[in-house]
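Some notes on the structure that comes next.
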Amino acid sequence: MTTPLNGRTALVAGATRGAGRRIAIELGAAGATVYVTGRSTRRQRSEMDRPEIIEETAELVDAAGGTGVAVPTDHLEPDQVRALVQRIDREQGRLDLLVNDIWGADHLTDFESPIWQQPLDRGLRTLRLAIDTHLITSHYALPLLIRQPGGLVVEMTDGTADYNGTHYRESVFYDTAKNAVIRLAFAQAEELRPYGATAVALSPGWIRSEAMLDHFGVTEANWRDGTAKDPHFAISETPALVGRAVVALAADPQVSRFTGRSLSSGQLAREYGFTDVDGSRPDAYRYIVDVVETGRPADTTGYR
């Protein structure tokens, strides 16, 4: 069955680029109707100031075989989020899947300076973009999602609970933001359980987003040239891997066994048997612990 999500309605909040965009595309390829949100549109750019726009994401969902609906939304504005959910209810009468992928704080993140040397307004803005947006979206979306049993919430973050629990994520604000989202998934799982709904936290590995490719000065076609800058870039994955992870979770009738847990794209690739676009199954977090942190030379054998 190539379209296991026929008849399902999904909201991917924060789908302008990166993981959110490809999650939306993979959901569309699986047959879903996907509402995609973001702040960068044909009329304006968000503070990220990148060229990707939310209307293009919806068009890519259509091209993949689904139905994409672009709704420009600032998820820090409760009235906009309320209107978004009301529109989904009016047009679809249901919400089966919420993917909270809102972030938009790359330009604010300082991975070098301690908290007392960082501009406080930038750090607090990071937390608002990374945490408040997720809370606001869940507040308005979950009443629609629990209207019928079987709903799924996927909280997108960076790093698993196991990894982040023993590793400092290089900035107080970044570390706080990404770990708070993991705990948010756990908390929502508890509140959703009586309604037959599931919540999980999900992290990609070293993801080759548009911004990451730009950082390494490569394209997806020649991404391996980026290993000249960092040989461990060889373990990186396309956003399709985490997109396929979301599809696998959404299509799994037994997904409730994961509720409250923190998961990774590499872990779920092994669990469900899907692959990245090149047929491999990169497992970045296992590789980082086994290879990078032990000082071994870059070698992805056995890790993708």
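Some points to look at:
- Conditions (1) surrounded by fewer than 23 Cβ atoms within 10 Å (Cβ to Cβ); (2) in a loop (DSSP other than H, G, I, E, B); number of the one not met by Ala63: (2)
Yes or no, residue by residue, for (1) on the phi < 0 side of the Ramachandran plot; (2) out of contact with any Asp or Glu (no Cβ under 8 Å at 6 or more places or on another chain); (3) surrounded by 24 or more Cβ atoms within 10 Å (Cβ to Cβ):
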{"residue": "Thr157", "(1), (2), (3)": "yes, yes, yes"}
{"residue": "Asp162", "(1), (2), (3)": "yes, yes, no"}
{"residue": "Leu184", "(1), (2), (3)": "yes, no, no"}
{"residue": "Ala199", "(1), (2), (3)": "yes, no, yes"}
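- Single residue of Ala24, Ala19, Ala58, Ala15 found to be of a type in the set (Gly, Ala, Ser), assigned to a helix (DSSP H, G or I) and under 22 Å from Arg125 (Cβ atoms): Ala19
- Test: Val218 is surrounded by 13 or more Cβ atoms within 10 Å (Cβ to Cβ), part of a loop (DSSP other than H, G, I, E, B), of a type outside the set (S, T, N, Q) and within 23 Å of the chain's Cα centre (by Cα): yes
Here is a yes/no grid of residues against (1) touching a Gly at 6+ places or on another chain (Cβ under 9 Å); (2) crowded, with 19+ Cβ neighbours inside 10 Å; (3) outside any helix (DSSP H, G or I):
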site	(1), (2), (3)
Val242	yes, yes, no
Val247	no, yes, no
Arg257	no, no, no
Ala269	no, yes, no
Thr275	no, no, yes
Asp278	no, no, yes
Tyr285	yes, yes, no
Val291	no, yes, no
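- Of all residue pairs spaced 6 or more apart or on separate chains, those with beta-carbon atoms under 6 Å, a first member in region 156-180 that is touching a residue at least 60 places away in the same chain (Cβ under 8 Å) and part of a loop (DSSP other than H, G, I, E, B) and a second member that is surrounded by fewer than 17 Cβ atoms within 10 Å (Cβ to Cβ) and of a type in the set (Phe, Trp, Tyr) are Ser171/Phe111.
- Scan of region 181-211 for residues that are part of a helix (DSSP H, G or I) and of a type in the set (A, V, I, L, M), ordered by number: Val181, Ile182, Leu184, Ala185, Ala187, Ala189, Leu192, Ala211
- Only one entry of Arg147, Arg94, Arg90, Arg128 meets the criterion of being part of a helix (DSSP H, G or I), in contact (Cβ under 8 Å) with a residue 40 or more places away in the chain and among the basic types (Lys, Arg), and that entry is Arg128.
- Residue match in region 132-155 (condition: touching a Lys or Arg at 6+ places or on another chain (Cβ under 6 Å), closer than 23 Å to Ser40 by Cβ and surrounded by fewer than 23 Cβ atoms within 10 Å (Cβ to Cβ)): yes
- Some residue of region 33-55 being at pLDDT 95 or above, part of a helix (DSSP H, G or I) and within 26 Å of Ala189 (Cα to Cα): no
The values are calculated or read from the model by the stated rules, or taken from the named source; none is laboratory data. Predicted, not measured: the structure shown is a model, and the values here were computed from it. Cβ: placed from backbone, ideal geometry, glycine included. Neighbour counts: every protein chain shown.
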